[in-house]
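**Student:** One structure coming up, written as structure tokens, with questions to follow.
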Amino acid sequence: MSALNSLKFIAAKRPTQLPDIQVRRNKLSNRIWSQIQLAKAMQEGTTYTEKRFRTVKDRDTGESRSMEVMKRVRQMWFVGENGKVCVQLKYGTRVLEFLKGKNAIEVSSGEELITALTTLKTAVEAGELDTQLNQAADMVKERFKK
């Protein structure tokens with residue numbers, strides 16, 4: 001019993017689900033991770049697609065089975081008017097504003113793009129964009145209220 005005496009015992013309850021803001025952070029963080037992988041693949045001259053499982057029902061037998069399908073990843077960035085690359089974060093169909101009237105990050109090269117996306121991912125996971133995520137989520141919720 002002396003080995004157990006060195007441990008701290010508590011009465012803990014495991015949460016049944018994550019808070020809404022944590023779910024939003026995880027969703028956006030995963031999307032940014034996909035963008036980082038896409039940028040790295042484009043830099044190397046290869047393609048990047050995500051694999052998803054899709055349940056398909058056979059018409060003849062009525063049996064359901066899972067198939068692996070490729071999902072195309074769309075770029076969050078585009079080339080701006082000045083020839084530099086601009087990165088916009090979207091939550092759903094809404095573009096997030098970083099500052100008042102500023103909704104994009106300008107970078108000049110592929111290396112800077114990967115660095116900017118990595119910094120954005122860190123900021124999202126740290127909760128620095130929580131207010132923007134909540135605003136975008138509230139706008140999406142309002143569209144469903146009719």
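**Student:** Per residue, how large is the accessible surface of segment 57-109? Use a 1.4 angstrom probe and give square angstrom.
**Tutor:** Heavy-atom accessible area per residue stands at 79 Å².
**Student:** Another question about this same structure. Taking a 1.4 Å probe, which of D60, D138 shows the most accessible area, and what order do the others take after it? Don't skip to the end; give the middle numbers.
**Tutor:** On the way: D60 145, D138 75 Å².
Sorted by accessible area, descending: D60, D138.
**Student:** With the contact rule set at Cα under 8 Å and sequence spacing of 6 or more, what percent relative contact order holds for segment 1-137?
**Tutor:** This gives 24 percent for segment 1-137.
**Student:** Which shape class applies to segment 49-91: rounded if a/c is under 1.5, otherwise prolate when a/b exceeds b/c and oblate if not, where a ≥ b ≥ c are the square roots of the Cα gyration tensor eigenvalues? Each step should come with its number before you reach the end.
**Tutor:** Details: a/c = 5.20, a/b = 4.69, b/c = 1.11.
Judged from the Cα gyration tensor, segment 49-91 comes out prolate (a/c at least 1.5, a/b above b/c).
**Student:** Express the relative contact order of segment 67-146 as a whole percentage, based on alpha carbon pairs under 8 Å and six or more residues apart in sequence.
**Tutor:** Values: 62 pairs, mean separation 18.2, N = 80.
Taking the mean separation of contacting Cα pairs over the length of segment 67-146, I get 23 percent.
**Student:** Would you mind computing, in nm to one decimal, how far apart the modelled labels at T47 and W33 are, each placed 7 Å from Cα along Cα→Cβ?
**Tutor:** Using points 7 Å along Cα→Cβ, the separation is 2.4 nm.
**Student:** Among G101, N134, A123, whose Cα projects farthest towards the positive end of the dipole of the chain, with charges put on the beta-carbon of Lys, Arg (+1) and Asp, Glu (-1)?
**Tutor:** Positive-most Cα among the choices belongs to N134.
**Student:** Filter the cross-link list K27/K141; K40/K121; K90/K141; K71/K121 down to pairs whose alpha-carbon distance in this structure exceeds 18 Å.
**Tutor:** Long pairs (Cα-Cα over 18 Å): K71/K121.
**Student:** Using a Gaussian network model on the chain with a 10 Å cutoff between Cα atoms, which of M67, M42, M76 fluctuates the most?
**Tutor:** Highest fluctuation among the options: M67.
**Student:** Percent of accessible area on segment 1-99 owned by carbon and sulfur, 1.4 Å probe? Write down the numbers at each step before the final one.
**Tutor:** Values: 4100 of 8170 Å².
Result for segment 1-99: 50 percent of the exposed heavy-atom area is carbon or sulfur.
**Student:** Follow-up. Taking the full set of protein chains and a 1.4 angstrom probe, give the accessible area of T47 in square angstrom, rounded to the nearest 10.
**Tutor:** 130 Å²
**Student:** If you don't mind, another one. Suppose the chain between K102 and I21 were pulled fully straight at 0.36 nm per residue; how much longer would it get relative to their current alpha carbon spacing?
**Tutor:** Details: separation 81, 0.36 × 81 = 29.16 nm, distance 2.25 nm.
Roughly 26.9 nm would be gained on extension.
**Student:** Same structure again: Give the whole-number value, in cubic angstrom per residue, of the convex hull volume spanned by the C-alpha atoms of the chain.
**Tutor:** Working: hull volume 41.9 nm³, N = 146.
Dividing the Cα hull volume of the chain by its residue count gives 287 Å³.
**Student:** Two decimals is fine: what's Rg over Rh for segment 1-67, C-alpha atoms, Kirkwood radius as Rh?
**Tutor:** 1.28
**Student:** OK, next. How much solvent-accessible surface does V140 expose, in Å² to the nearest 10, with a 1.4 Å probe and all protein chains in place?
**Tutor:** Using a 1.4 Å probe on the heavy atoms, I get roughly 30 Å².
**Student:** Sticking with this structure for a sec: When the label point is put 7 Å from the Cα of K90 along its Cα-to-beta-carbon vector, which residues of segment 21-39 have a backbone N closer than 19 Å?
**Tutor:** Those under the cut-off are 24-39.
**Student:** Follow-up. Can you give me the distance in nm between label points at A11 and R72, each placed 7 Å from the Cα along the Cα-to-Cβ direction?
**Tutor:** 5.7 nm
**Student:** Can you compute the helix-only [θ] at 222 nm over the chain? Use -39500 (n - 2.57) per DSSP H run of at least 4 residues, normalise by all residues, nearest 500 deg cm²/dmol.
**Tutor:** It lands at -13500 deg cm²/dmol.
**Student:** Give me the compactness ratio for segment 74-143, meaning the Cα radius of gyration over 2.2 N^0.38 Å.
**Tutor:** 1.15
The values are calculated or read from the model by the stated rules, or taken from the named source; none is laboratory data. Computed from a prediction, not measured in an experiment: that's the story for all the values here. For neighbour counting, all protein chains shown are included, and Cβ atoms are generated from backbone atoms with ideal geometry for every residue, glycine included. Just so you know, the surface numbers come from the protein's heavy atoms only, side chains and all, with ligands and any DNA or RNA stripped out. Shrake-Rupley method; radii C 1.70, N 1.55, O 1.52, S 1.80 Å.
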